2 protein chains.
Amino acid sequence: MVKALGRGVFQMEHSVSIASYAAVAGKKEGDGPMGKCFDRVEEDSHFGQKTWEQAESRMQQETIYHALEKASVKPDDIDVILAGDLINQCTSSTYSLRPFGVPFLGLFGACSTMAEGIITGSLILSSGAGKRCVAATSSHFSTAERQFRFPLSYGGQRPPTAQWTCTASGAVVLDTETKNAPKITGACIGKITDLGVTDANNMGAAMAPAAADTLTRWFKATGTSPENYDAIVTGDLGKIGGKLLLELIMKQGYEINPCYHDCGAMMFDADTQDTHAGGSGCGCGGSLLCGHFLPLVKSGKIKRMLFMATGALMSPMLVQQGESIPSIAHIVEIVSGKE
Amino acid sequence: MVKALGRGVFQMEHSVSIASYAAVAGKKEGDGPMGKCFDRVEEDSHFGQKTWEQAESRMQQETIYHALEKASVKPDDIDVILAGDLINQCTSSTYSLRPFGVPFLGLFGACSTMAEGIITGSLILSSGAGKRCVAATSSHFSTAERQFRFPLSYGGQRPPTAQWTCTASGAVVLDTETKNAPKITGACIGKITDLGVTDANNMGAAMAPAAADTLTRWFKATGTSPENYDAIVTGDLGKIGGKLLLELIMKQGYEINPCYHDCGAMMFDADTQDTHAGGSGCGCGGSLLCGHFLPLVKSGKIKRMLFMATGALMSPMLVQQGESIPSIAHIVEIVSGKE
């Protein structure tokens, strides 16, 4: 069972364990400063497949297999898989999951999917409906770029606010029994926030207000403050959105700078990798949560952290119709099992 | 808490109440045999908006407001909204929900979304994370047709197996306390099933095997049989898919014909409305569950039913790439509060 602290904010009475986690990434991500944290870096951006869409599905599938293997479980041991991605009709997930034969709940939270999956999975386990679930997500530069912006071969110029969609995937196995594992102890489900940003090349600015809103709701409902955390990590606000979050949350009276990290800003070396404001995509936060942060939590180097994945809930069509970009941010609180 | 009977199959120990339900539909649906069951039929297919996408969002929003009003609650009384739709990046839902200011979890289950939302919402309430939630979905002929098939003005000919995407929306308010209301007593989360159908104009055939699989899993795990139900209702298999389900489930030893209904087959008069194999879309099953079946459950005319919404989890791009259509079906068991 969980204890509601407010609308969409709750703490687990019996914590959920992150039994295992895995991350797979593409070559550019592997060449970046975080390159060594992934379970596998694939040099072939097609992942041995014919199309980019198949490549992304394959990457997500591999990531889930890695996570299952690290937890010493098989697909038949999983009660439900929660997954989603950026691609129309979430096909990177639905095609990825065909071989598993596991009950499936599809999510759409754009780049917030990793947090949304962990939250929903944790609540399902807390309800007693299952003992073990998987939450997974992925993004691929080549599927996202042609869907959201321009055909790759067009070679469109990117403004400095643009981010680079990561070719990366993250997956966790959650259960109710694994000892000495990172624990999920609480969460905050985000509200849709739209302050009127219409520039699809400045997603960080669109998402930062959602992040500030969710983080403020979390601090207030739980009575915590930034000092209680070794790390507060956003998924892909990038350098511009991250800076904006620091300003917005400061206005609410919270100084998070000392423990703040953004996976989008961490993923690439902007000077040498031409990635402008940083990495983005469901797989950006997903892969660095699973590849970098969860190992630090497991080893006890991080004792308590917030993972907040943000999502821009727009489509190219709605932006073309002149609509602004609704955004969302979900928080998961993760503590070291050693605590 | 809920009691797991198997992977993805469970019964509620404390049933979740469907405190209210609402359905809004377009003119063609209003002109059909089910036209009188909706809370409102809108003659203007643009719902007063400039674009089809805005029209669908508006319809979904209205449906949720109707449901909230019927439960005598306000958005601030809702702990979480679960919603999704067919449109790329689920924008019909994300734009619909901007004004509510309610914690939001986005779903993608294609036409299975109504069942997926009810299941996920019921589990969240059962976990203790909230007291009241909303599950909603929608579809619109004009948004879906141009996205999945051809531009409307192209006037493409439709094969006899084709279905007509309904302009319709359904929403329920779920809580843990309302008396004399239909109750959710169990559910079965579907597995992705793909028997190799590649014809995007024959979705019923693609989805029927998923429906047969989920229904078989439900009967076996719960020890029930078709005789235990006054109604077994699918969302949008249509006439062809529905017939196929009857055959497939008969092979498993279950004769469901006497209590079987398909919302897609019910929605239109195919002879006079030129809708071929029947209605389809998230809003098809969603609106008839909320407009037709739940009132029958509430009045006690239906004592126990299964609502099984099916979804084809493909995208036009993947079908163009030659991929077959993965499908899913989720079951919700609903009983009369009078029982």
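The values are calculated or read from the model by the stated rules, or taken from the named source; none is laboratory data. Predicted, not measured: the structure shown is a model, and the values here were computed from it. Positions of Cβ are backbone-derived with ideal geometry, glycine not excepted, and every protein chain shown enters the neighbour counts. Heads up: the accessible areas ignore ligands, DNA and RNA and are worked out on the full protein's heavy atoms, side chains in. Shrake-Rupley method; radii C 1.70, N 1.55, O 1.52, S 1.80 Å.
Values for this structure:
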| read-out | value |
| --- | --- |
| Drop in accessible area of at least 30 Å² in the complex versus isolated chain, residues of segment A:93-120, 1.4 Å probe | A:T94, A:Y95, A:R98, A:G101, A:P103, A:F104, A:L105, A:G106, A:F108, A:E116, A:T120 |
| Cβ neighbours within 10 Å from other chains - mean over B:315-326 | 5 |
| Calculated FRET efficiency for the pair A:S45/A:H14, C-beta based, R₀ 51 Å, to 0.05 | 0.75 |
| Derived scalar couplings ³J(HN,Hα) [segment A:37-51; Karplus, 6.51 cos²θ - 1.76 cosθ + 1.60; whole Hz; x for Gly, Pro] | 8, 7, 5, 7, 10, 9, 6, 8, 5, 8, 6, x, 9, 8, 10 |
| Of the GluC sites (Glu not before Pro) in segment B:208-292, those whose Cβ has at most 16 other Cβ within 10 Å and which sit in DSSP loop | B:E255 |
| Averaged over B:5-11, number of beta-carbon atoms from partner chains that fall within 10 Å | 6 |
| Max mean-square fluctuation residue, GNM over chain B, Cα-Cα springs under 10 Å, options B:G238, B:G117, B:G130 | B:G130 |
| Size of the B/A contact, given as accessible area buried on both chains, probe 1.4 Å, in Å² | 5200 |
| Of every Cα-Cα pair in segment B:230-291, the percent that sits beyond 18 Å | 35 |
| Spread of Cα-to-Cα distances over 10 Å intervals beginning at zero, given as percent, for segment A:56-131 | 19, 53, 27, 1 |
| Accessible-area composition of the protein assembly as shown, carbon plus sulfur, in percent [1.4 Å probe] | 49 |
| Cβ-vector label at 7 Å, B:L195, separations to other copies in nm | 5.3 |
| Other-copy label distances relative to A:A4, 7 angstrom Cα-Cβ extension, nm | 2.5 |
| Cross-link pairs beyond the 20 Å C-alpha cut-off, checked among B:K179/B:K303; A:K179/A:K298; B:K131/B:K183; A:K183/B:K3 | A:K183/B:K3 |
| Considering only segment A:209-339, percent of DSSP beta bridges that pair antiparallel, nearest 5 | 55 |
| Extension gain (nm, one decimal) between B:A4 and B:Q157, 0.36 nm per residue minus Cα-Cα | 50.4 nm |
| Interatomic Cα distance distribution for chain A, bins of 10 angstrom, percent | 6, 29, 38, 22, 5, 0 |
| Mean separation of Cα contacts under 8 Å, 6 or more apart, over the residue count of chain A: relative contact order % | 24 |
| Lysines whose Cα lies under 16 Å from that of A:K243, excluding same-chain neighbours fewer than 8 positions away | A:K251 |
| Table column - 3J(HN,Hα) (Hz), segment A:263-273, Karplus curve with 6.51, -1.76, 1.60, x for Gly and Pro | 4, x, 6, 7, 5, 10, 9, 4, 5, 9, 9 |
| Nm distances between copies for B:P258, ranked from closest, using label points 7 Å along Cα→Cβ | 7.2 |
| Amide H contacts under 5 Å for B:A129, placed H, 5+ residues apart | A:V2 |
| The protein assembly as shown, accessible area per residue, ligands and nucleic acids excluded (1.4 Å, Å²) | 32 |
| Base-10 log of normalised Debye intensity for the protein assembly as shown (one unit scatterer per alpha-carbon) at q = 0.11 Å⁻¹ | -1.01 |
